[in-house]
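First up is the structure itself, then whatever we jot down about it.
The values are calculated or read from the model by the stated rules, or taken from the named source; none is laboratory data. Predicted model, so just to flag it, every value in this text is computed and none were measured. Cβ sites come from the backbone with ideal geometry, for glycine too, and all protein chains shown count toward neighbours.
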Amino acid sequence: MPMSHDHINILMVEDEQSHATMIKRHLLAGDQQVDIVVAESLGQCRQQLDDFTPDLLLLDLNLPDGQAIDYLRQTAPPDSYPILIMTSQGSETLAVEAI
């Protein structure tokens, strides 16, 4: 599903409910129509991706069932969506590894 200028589908993978709520609140405050689906683990992320292709995947670095780096290594390249890795605990080494 190509990204349009008036509607964006986001899949956010974040296990901390307070972080997910804060991020979602900020994303929904914009002018564009945004639909946000929240998954709490890599497993739930993969299940959601079976159902739809997001315009953007927001992926927390540290999740209960692995790290975003694991997802990038084990998953075929995305159909056509960017992946943004988020973290409150990271390092330059992890950032370079993700790239």
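Please go through the range 50-69 and pick out each residue that is assigned to a helix (DSSP H, G or I) and buried (at least 19 other Cβ atoms within 10 Å of the Cβ). Listed by number, the list holds a single entry, 68. Considered as a group, the residues in the range 39-49 that are part of a helix (DSSP H, G or I) and touching a residue at least 24 places away in the same chain (Cβ under 8 Å) include one that is surrounded by the fewest Cβ atoms within 10 Å (Cβ to Cβ), and that residue is 46.
Report yes if residue 13 is crowded, with 16+ Cβ neighbours inside 10 Å, modelled with pLDDT of 95 or more and not basic (Lys, Arg), otherwise no. Taking the combined requirement at face value, the residue satisfies it.
What residue, among those in the range 70-93 that are of a type outside the set (A, V, I, L, M) and surrounded by 14 or more Cβ atoms within 10 Å (Cβ to Cβ), is modelled with the highest pLDDT? Looking at the filtered set, the residue picked out is 81.
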